[in-house]
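K.L.:
Here it is, the structure in full.
The values are calculated or read from the model by the stated rules, or taken from the named source; none is laboratory data. Just so it is clear, the model here is predicted, and its values are computed rather than measured. Because the Cβ atoms are built from the backbone with ideal geometry, glycine has one as well, and the counts that use them run over all protein chains shown.
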Amino acid sequence: MRSSIPLLLLASLSLVTAVNCGDDTGTGGSGGSTGVAHDLDKLRQVLETNANMAFAGYSDAVTTAKQLQTAIDTLVASPTEENLAAAKRAWRVAREPYLQTEVFRFRASPIDDSNYNAADGEDGPEGALNAWPLGEALIDYVKEGTDFGADQLEVTSHETGVSDPIPPNNIINSTAITIDDSLLASSVTAEDERDVIAGYHAIEFLLWGQDLNADGSADTKTSRETGLDTGGHRPATDFAVDATCTSGTGVSSSTEICQRRGQYLKVATTKLIAELESVRDGWAPGASYRTAFTTVDSVDAGKAKLLEILVGMGTLSEGELAGERMQIALSANSQEDEHSCFSDNTHRDIVLDARGISNAYFGVYAGYDGDLDGTDDVTTNAVNGYGFDDYLRDLGLTDVAANMESALATTKSGYDAIDASARAGTPFDVMIMNAGGDAAKPARDTIVALNAQSAQIANIAVALEVGTPDDVVDPDASECDTTDPTKEC
């Protein structure tokens, strides 16, 4: 289970001001005795743009989460297939802006660290927002099949009050357990992390149910014909509070159980919104974190902030996205290890995480896709600012910029092919069934490209004299060798 990569890199950030530092007036122009003629005013523009993008992305994430809440309220009040489909669609839309914000992680920012101090550990809300794979057996009914076997069912420890055995016992059918915010906060305590019960993926599971369609044997709605190109098939009647209530084969179908399932959805969504709002507010103009991040009075102080941005870009690129989110699932043909395994939305996870890295480099956030047609059409909070591309060229580092942009283009070619494949009926979990096959080539290509891209992000750090390659891309961030995508991690 991989909720996130720990903030292993951040310990190095406190040392950055000792790297190549010299006399620095802090008034602009060249800084220190380094070989790079940093411009403090322009450096500040990079930081301000980055902060503007973070605030915009998290603001859109809050907006779309509230739209999801409205759709879920409608579903719970009137559990029809039409309303279930609308809630699923709202969930997909909500992922569009949020995933572009993941580049703001791994740097003691509001998403990872509530007091913005990496030295005392990671205690931010990210684990309550996007932790995965999920402890679905702890939440609701499940069925074994394909790669969801007995080893996925046992939870080594948890703080929910659910009695063994799990399953068949779970939170929703344990009617003595109150479903509220405090319950959902008591997750990610188990060593195997199968106690993850909150966030986007808890909502996803409750909307779709399991997607174990390698042979069709473990779908949550086996009476319906299913194909490999579909997500889970939870029926709307799982939320019905009358005689039509369903809860899976051989599971109690009392109206109380269906009512609790709807309650869980509502509580999880309310919690999601609260967590997102807290992160957004940390990036708001005038907020303490944003002020500390953007207010630098010397080039050396600014260089430390540039490294923080590059750490987020590099760690997301190689360790998290290429390794944890792609190669682990690809090399093991593990549907359970793909990021959005219930909805078959993993292709968008890949696209949008990668776009977030590109956004951070170019200083551009185009908005998000509100109708899921592949085009950003909600541009209210769009940002077009001063990015690393501008700064590198203004400092005369044109070759560094060109190499980075070439790497980004190669990565884009790979993830565009993954996206096109999924839209044409071959989602990521089907693509990876044969790791070495033709269908999986876009996944393999993208993993290799993300690895190469991370090296170029490290080159930016070296060229700007803000840190070393190991400062940007922690060699221990993932156990995957992303130069060899089919090698198991």
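K.L.:
Give the residue, chosen from Asp419, Asp394, that is closer than 17 Å to Asn50 by Cβ and among the acidic types (Asp, Glu). Spell out the reasoning first.
P.N.:
Details: Asp419 fails: closer than 17 Å to Asn50 by Cβ.
The unique qualifying residue is Asp394.
K.L.:
Among the residues of region 276-304, which ones are more than 16 Å from Ala56 (Cα to Cα) and among the acidic types (Asp, Glu)?
P.N.:
Listed by number, the residues that qualify are Asp297, Asp300.
K.L.:
Let me ask something additional. Taking region 365-392 as the search range and keeping residues that are assigned to a strand (DSSP E or B) and touching a residue at least 24 places away in the same chain (Cβ under 8 Å), which one is farthest from Asn459 (Cα to Cα)?
P.N.:
Going through region 365-392, the residues assigned to a strand (DSSP E or B) turn out to be 365, 368, 378, 383-384.
In the following step, the residues that additionally are touching a residue at least 24 places away in the same chain (Cβ under 8 Å) were identified as 365, 368, 378, 383.
Numbers: Tyr365: 23, Tyr368: 30, Val378: 34, Val383: 26 Å.
It comes out as Val378.
Rundown of residues vs (1) under 27 Å from His233 (Cα atoms); (2) touching a Gly at 6+ places or on another chain (Cβ under 9 Å); (3) modelled with pLDDT of 95 or more, yes/no style:
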position: Met1; (1), (2), (3): yes, yes, no
position: His38; (1), (2), (3): no, yes, yes
position: Ala61; (1), (2), (3): yes, no, yes
position: Lys66; (1), (2), (3): yes, no, yes
position: Gln69; (1), (2), (3): yes, no, yes
position: Pro79; (1), (2), (3): yes, yes, yes
position: Arg89; (1), (2), (3): yes, no, yes
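K.L.:
Further question on the same structure: Given the conditions (1) closer than 26 Å to Gln45 by Cβ; (2) surrounded by fewer than 19 Cβ atoms within 10 Å (Cβ to Cβ); (3) without any contact (Cβ under 8 Å) to a residue 40 or more places away in the chain, which single one is not true for Ala401?
P.N.:
Single failed check for Ala401: (2).
K.L.:
Inside region 456-489, can you point out the residues that are crowded, with 21+ Cβ neighbours inside 10 Å and hydroxyl-bearing (Ser, Thr, Tyr)?
P.N.:
Ser478, Thr482
K.L.:
Do we have any residue at all in region 374-388 that's surrounded by fewer than 22 Cβ atoms within 10 Å (Cβ to Cβ) and modelled with pLDDT under 95?
P.N.:
yes
K.L.:
Kindly check whether there is at least one residue in region 91-102 that is in a loop (DSSP other than H, G, I, E, B) and surrounded by fewer than 24 Cβ atoms within 10 Å (Cβ to Cβ). Talk me through it step by step, then tell me what you get.
P.N.:
Going through region 91-102, the residues in a loop (DSSP other than H, G, I, E, B) turn out to be 101.
Then keep just the ones that are surrounded by fewer than 24 Cβ atoms within 10 Å (Cβ to Cβ); that gives none.
So far as region 91-102 goes, no, none of its residues is in a loop (DSSP other than H, G, I, E, B) and surrounded by fewer than 24 Cβ atoms within 10 Å (Cβ to Cβ).
K.L.:
Can you say whether Asp353 is out of contact with any Ser or Thr (no Cβ under 6 Å at 6 or more places or on another chain), modelled with pLDDT of 95 or more, surrounded by 18 or more Cβ atoms within 10 Å (Cβ to Cβ) and among the charged types (D, E, K, R), as far as the supplied structure shows?
P.N.:
Working: out of contact with any Ser or Thr (no Cβ under 6 Å at 6 or more places or on another chain): yes; modelled with pLDDT of 95 or more: yes; surrounded by 18 or more Cβ atoms within 10 Å (Cβ to Cβ): yes; among the charged types (D, E, K, R): yes.
Taking the combined requirement at face value, the residue satisfies it.
K.L.:
Right, something else. Do we have any residue at all in region 199-208 that's of a type in the set (Asp, Glu), at pLDDT 80 or above and surrounded by 15 or more Cβ atoms within 10 Å (Cβ to Cβ)? Outline the logic, then answer.
P.N.:
Taking region 199-208 as the starting set, the residues that turn out to be of a type in the set (Asp, Glu) are 204.
Adding the requirement that they be at pLDDT 80 or above leaves 204.
Those left that are additionally surrounded by 15 or more Cβ atoms within 10 Å (Cβ to Cβ): 204.
Within region 199-208, one or more residues are of a type in the set (Asp, Glu), at pLDDT 80 or above and surrounded by 15 or more Cβ atoms within 10 Å (Cβ to Cβ).
K.L.:
Just for region 310-337: of the residues that are within 28 Å of Glu405 (Cα to Cα) and among the acidic types (Asp, Glu), which one is farthest from the chain's Cα centre (by Cα)?
P.N.:
Glu318
K.L.:
Identify the residue in region 257-296 that is hydrophobic (A, V, I, L, M, F, W, C) and closer than 20 Å to Arg92 by Cβ and, among all such residues, is farthest from the chain's Cα centre (by Cα).
P.N.:
Within region 257-296, the subset hydrophobic (A, V, I, L, M, F, W, C) is 257-258, 265, 267-268, 272-274, 276, 279, 283-284, 287, 292-293, 296.
Then drop every residue that is not closer than 20 Å to Arg92 by Cβ, which leaves 265, 268, 272-273, 276.
Working: Leu265: 20, Ala268: 17, Leu272: 14, Ile273: 16, Leu276: 13 Å.
Result: Leu265.
K.L.:
Could you list, ordered by first residue, the pairs with Cβ atoms under 9 Å in which the first is in region 224-248 and closer than 11 Å to Cys258 by Cα and aliphatic (A, V, I, L, M) and the second is surrounded by fewer than 17 Cβ atoms within 10 Å (Cβ to Cβ) and at pLDDT 85 or above, at least 6 apart or interchain?
P.N.:
As it stands, the answer is Ala236/Thr80; Ala236/Glu81; Ala236/Glu82; Ala236/Ala85; Ala240/Thr255; Val241/Thr255; Val241/Glu256; Ala243/Thr255, since those pairs meet every condition given.
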